[in-house]
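Each value in this text was obtained by applying a stated rule to the coordinates, not by laboratory testing. Worth saying up front: this structure is predicted, and the values here are computed from it rather than measured. When we count neighbours, we look across all protein chains shown, and the Cβ atoms used for this are built from the backbone with ideal geometry, even at glycine.
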Amino acid sequence: MNKKKLMDYLLAKPGSKPGYPFGPGTLVFKVSGKMFALLAEDSEPWTINLKCHPDDALALRAAYPTIVPGYHMNKRWWNTLTLDGSLPDSMVRELIDQSYDLVVGGLAKAERDKLNRKK
């Protein structure tokens, strides 16, 4: 997945807000103030941290060498993907969707309802 497509996909999520709370080079995407993706722009190739159900996280790490425990994150719930082209674009999109859905699922019902109206 090229960088423009990745950025467009992350920004298209309802309520997605990008920012640099950790300083330049680490672009964070939040929904309702909760992080669902962290993109390391300073790395080459780029890496992205995504939230993942713990059982799925372990299976993905076992199956793909470019998916490892989340760098500087809760390693039970977060994976780091190296975006070197070895993972299919459809899989990267699916993992972004799962991360977003996990975060949105943890929001209060009123917040989820607001996001559903934005779709």
Original post:
On the given criteria, is THR47 touching an Asp or Glu at 6+ places or on another chain (Cβ under 8 Å) and either hydroxyl-bearing (Ser, Thr, Tyr) or crowded, with 17+ Cβ neighbours inside 10 Å (or both)?
Top reply: no
Subject >> Those residues of the stretch 57-86 which are in a loop (DSSP other than H, G, I, E, B), under 14 Å from the mean Cα position of the chain (by Cα) and among the polar types (S, T, N, Q), in sequence order >> reply: ASN74
Subject >> Residues located in the stretch 51-65, provided they are in contact with a strand residue (DSSP E or B) (Cβ under 6 Å, 6 or more places away or on another chain) and either exposed (fewer than 15 other Cβ atoms within 10 Å of the Cβ) or within 18 Å of GLY105 (Cα to Cα) (or both) >> reply: LYS51, CYS52, ALA57
Original post:
Does at least one position in the stretch 19-39 carry a residue that is among the charged types (D, E, K, R), under 29 Å from GLU111 (Cβ atoms) and either more than 12 Å from the chain's Cα centre (by Cα) or not in a strand (DSSP E or B) (or both)?
Top reply: no
**OP:** Please enumerate the residues belonging to the stretch 87-119 that are assigned to a loop (DSSP other than H, G, I, E, B) and exposed (fewer than 13 other Cβ atoms within 10 Å of the Cβ).
**Re:** PRO88, GLY106, ALA108, LYS119
